[in-house]
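Trainee: Shown below is the structure under consideration.
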């Protein structure tokens, strides 16, 4: 049951990500991104991270992507024009991407024994467990992140403010 | 679990079908209730010709909408134009799946009065509501019509802004009950009848009024119905829709109203518990207990629907800048203050047990 759900939503996630790159219209790409985010939420749920899954849907697919589509609708962005791309992309881009992929694969495979084992549907982290960790052992990073976000908001307000 | 997977699936499928049928019927009759009540408020009769007291009007309306020609204008972006009402109605139907309708009655180990009983029920409702925006946003954009686009932009901005106040207003209740499970939130309020409801005994009435106002804005209902303000935008985001596609938006709106009523009942008014607490003797029959719980739940939700319609018949529409100012400068700070005061009270006062 869990494996079937995993295969369905992992496939959906990859398909959405590919569609995101291949679509020419920005709103289709944005909608594919929503599919990717929501399938990721289901994968979190399968791994037992309930709160994370709900937060993923509420924050990413619900709020942030609405702003994306909002901007696309406001600008009424048209179809993307296909160019042949720069030469640099062909010369440096593809080998670079392949090298990065190879490096990551190598690192993950060589350190496989040090990773923990996560099984589908075995473990359940309740909201209580998560907040216990977040507000005791990880309190400092949590608070620092919130200050970082506050600074970002202030920066956005300062940039958007009209000069008098 | 694998051994009895088939009966598990069958029972759940049956539950889903029953709930969807009852939900759609109640949507149809909420429309009739609205037409009747608004008629009375405006000193006229409302629908009264089809059937006794106009009771068959929803069926006739449904047949009319179903048989109308389904126009798709030339210039629309077809995939999204067709997808948008499906998203709107789908989200509206999905959010009812975590709502518990009655007391804890199990049959062959399956919860009878709730489709899915899980730990994050409240968050699931919030998540599905936040996905529901896409139905409105995409319909306005794909219609290729200025009025629709303006309506959709208004709706997205309004729903995102009020979602914040809505979410914050629920934190006080979650703090009091220490759980996001809707069934558990109701059980916490079940001890002393009316006095232990979050609205009265829990001193969450400020949170309740914030929730109510934010929820009215979330469902695009009067006095926050700017996305479909007739005098400015013709019909707003569904200007270009006809026949069943229009009906799907309509059903989604009324479905969301019912869900909001259910959530308000569960969180603030004790769900299916009686207001009399232990004053009345507990009935001996299990069936009677179950039926009474359903009765109280339906009565409370009906009260909220009545309030919705009453407000619609009474209050004038907001201006757009007033709407945004009200949401950000009044509701959000008050909701935050409510969270601070509630957590101080819970932290300082000794626990009840």
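Trainee: Can you find a residue that is away from chain B (no Cβ under 14 Å), touching a helix residue (DSSP H, G or I) at 6+ places or on another chain (Cβ under 8 Å), at pLDDT below 80 and assigned to a loop (DSSP other than H, G, I, E, B) anywhere in region A:74-95? If you could, list the steps in order and put the result at the bottom.
Mentor: Of the residues in region A:74-95, the ones away from chain B (no Cβ under 14 Å) are A:80-95.
Subset that is touching a helix residue (DSSP H, G or I) at 6+ places or on another chain (Cβ under 8 Å): A:80.
Next, from what is left, pick out any that are at pLDDT below 80: A:80.
From the residues that got through so far, the ones that are assigned to a loop (DSSP other than H, G, I, E, B) too are A:80.
Yes - at least one qualifying residue is present in region A:74-95.
Trainee: Condition (residue is touching a helix residue (DSSP H, G or I) at 6+ places or on another chain (Cβ under 8 Å), at the interface with another protein chain (Cβ under 8 Å from one of its Cβ atoms) and closer than 14 Å to residue B:134 by Cβ) applied to region A:35-46: is it met by at least one residue?
Mentor: Checked against the condition, which is being touching a helix residue (DSSP H, G or I) at 6+ places or on another chain (Cβ under 8 Å), at the interface with another protein chain (Cβ under 8 Å from one of its Cβ atoms) and closer than 14 Å to residue B:134 by Cβ, region A:35-46 yields at least one hit.
Trainee: I'd like to check which helices (runs of 4 or more DSSP H) are fully inside region A:2-62 and have at least 3 residues that are not assigned by TED's automatic domain parsing to the domain that holds residue A:72.
Mentor: Details: elements: A:2-22, A:26-46, A:50-55.
Per the criteria, no element qualifies.
Trainee: Residue B:347 - would you say it is surrounded by 14 or more Cβ atoms within 10 Å (Cβ to Cβ) and either in contact (Cβ under 8 Å) with a residue 40 or more places away in the chain or assigned to a helix (DSSP H, G or I) (or both)?
Mentor: On the way: surrounded by 14 or more Cβ atoms within 10 Å (Cβ to Cβ): no; either in contact (Cβ under 8 Å) with a residue 40 or more places away in the chain or assigned to a helix (DSSP H, G or I) (or both): yes.
Criteria not met by residue B:347.
Trainee: Next question. Restricting to region B:1-37, give me the number of residues that are farther than 20 Å from residue B:48 by Cβ and part of a helix (DSSP H, G or I).
Mentor: As a first pass, look at region B:1-37 and keep what is farther than 20 Å from residue B:48 by Cβ: B:1-27.
Keeping just the survivors that are part of a helix (DSSP H, G or I) gives B:5-27.
Looking only at that region, the number is 23.
Trainee: Oh, and also: Return the residue satisfying two criteria in turn: it lies in region B:66-105 and is over 30 Å from residue A:59 (Cβ atoms) and surrounded by 16 or more Cβ atoms within 10 Å (Cβ to Cβ), and of such residues it is modelled with the highest pLDDT.
Mentor: B:76
Trainee: Among the residues of region A:110-118, is any in a helix (DSSP H, G or I) and at pLDDT 80 or above?
Mentor: Scanning region A:110-118, I find at least one residue that is in a helix (DSSP H, G or I) and at pLDDT 80 or above, so the answer is yes.
Trainee: Moving on to the next point. Can you tell me which of (1) modelled with pLDDT under 90; (2) more than 14 Å from chain B (Cβ to nearest Cβ) is the one residue A:98 doesn't meet?
Mentor: Result: residue A:98 fails condition (1) only.
Trainee: Here's something else I'd like to know. Of everything in region B:284-305, what is within 13 Å of the chain's Cα centre (by Cα) and touching a residue at least 60 places away in the same chain (Cβ under 8 Å)? Give them in sequence order.
Mentor: B:305 - this is the single residue of region B:284-305 that is within 13 Å of the chain's Cα centre (by Cα) and touching a residue at least 60 places away in the same chain (Cβ under 8 Å).
Trainee: With the structure loaded, tell me whether residue A:122 is away from chain B (no Cβ under 14 Å), in a loop (DSSP other than H, G, I, E, B) and modelled with pLDDT under 85 or whether it fails that test.
Mentor: Details: away from chain B (no Cβ under 14 Å): no; in a loop (DSSP other than H, G, I, E, B): yes; modelled with pLDDT under 85: yes.
Criteria not met by residue A:122.
Trainee: Considering only region A:18-47, how many residues are surrounded by fewer than 16 Cβ atoms within 10 Å (Cβ to Cβ), over 19 Å from residue B:83 (Cα atoms) and in contact (Cβ under 8 Å) with a residue 12 or more places away in the chain?
Mentor: Here the count works out to 0.
Trainee: Right, another one. Does residue A:31 satisfy the condition of being more than 21 Å from residue B:163 (Cα to Cα) and within 14 Å of chain B (Cβ to nearest Cβ)? Full working, then the answer.
Mentor: Working: more than 21 Å from residue B:163 (Cα to Cα): no; within 14 Å of chain B (Cβ to nearest Cβ): yes.
It is false that residue A:31 is more than 21 Å from residue B:163 (Cα to Cα) and within 14 Å of chain B (Cβ to nearest Cβ).
Trainee: Examine region B:64-83 for a residue that is assigned to a helix (DSSP H, G or I) and under 20 Å from the mean Cα position of the chain (by Cα), and state whether such a residue exists.
Mentor: To start, the set of residues in region B:64-83 that are assigned to a helix (DSSP H, G or I) comprises B:64-67, B:78-83.
Going one step further and asking which of them are under 20 Å from the mean Cα position of the chain (by Cα), we end up with none.
No, region B:64-83 has no match at all.
Trainee: Ok, one more. Only residues in region B:47-67 that are under 16 Å from residue B:24 (Cβ atoms) count as the first member; pair them with residues that are loosely packed, with under 13 Cβ neighbours inside 10 Å and modelled with pLDDT of 85 or more, Cβ under 9 angstrom, at least 6 apart or cross-chain, and list the lot.
Mentor: Here the result reads B:58/B:25, each pair linking region B:47-67 to a residue that is loosely packed, with under 13 Cβ neighbours inside 10 Å and modelled with pLDDT of 85 or more.
Trainee: Return only the number of the condition from (1) away from chain A (no Cβ under 12 Å); (2) more than 30 Å from residue B:187 (Cα to Cα) that residue B:77 does not satisfy.
Mentor: (1)
Trainee: Let me ask something else. Just to be sure I understand, how many residues within region A:48-66 are more than 7 Å from chain B (Cβ to nearest Cβ), modelled with pLDDT under 85 and either on the phi < 0 side of the Ramachandran plot or touching a helix residue (DSSP H, G or I) at 6+ places or on another chain (Cβ under 9 Å) (or both)?
Mentor: The initial filter retains those residues of region A:48-66 that are more than 7 Å from chain B (Cβ to nearest Cβ), namely A:48-49, A:52-53, A:55-56, A:59-60, A:64-65.
After this cut, where a residue has to be modelled with pLDDT under 85 as well, the list is A:48-49.
Going one step further and asking which of them are either on the phi < 0 side of the Ramachandran plot or touching a helix residue (DSSP H, G or I) at 6+ places or on another chain (Cβ under 9 Å) (or both), we end up with A:49.
Within region A:48-66, residues that are more than 7 Å from chain B (Cβ to nearest Cβ), modelled with pLDDT under 85 and either on the phi < 0 side of the Ramachandran plot or touching a helix residue (DSSP H, G or I) at 6+ places or on another chain (Cβ under 9 Å) (or both) number 1.
Trainee: So which helices (runs of 4 or more DSSP H) are wholly in region B:106-189 and hold at least 1 residues that are more than 12 Å from chain A (Cβ to nearest Cβ) and crowded, with 22+ Cβ neighbours inside 10 Å?
Mentor: Numbers: elements: B:121-142, B:146-177, B:182-188.
The helices (runs of 4 or more DSSP H) meeting that bar are B:146-177, B:182-188.
Trainee: In region B:295-316, what count of residues is obtained for those that are in contact with a helix residue (DSSP H, G or I) (Cβ under 6 Å, 6 or more places away or on another chain) and surrounded by 16 or more Cβ atoms within 10 Å (Cβ to Cβ)? It would help to see each step written out before you state the result.
Mentor: Taking region B:295-316 as the starting set, the residues that turn out to be in contact with a helix residue (DSSP H, G or I) (Cβ under 6 Å, 6 or more places away or on another chain) are B:300-301, B:304-305, B:308-309, B:313.
If we keep only those that are surrounded by 16 or more Cβ atoms within 10 Å (Cβ to Cβ) as well, we get B:300-301, B:304-305, B:308-309.
Residues meeting the conditions: 6.
The values are calculated or read from the model by the stated rules, or taken from the named source; none is laboratory data. Treat the numbers as computed from the prediction; the structure is a model and nothing was measured. Reconstructed Cβ throughout: ideal geometry from the backbone, glycine too, with neighbour counts over all protein chains shown.
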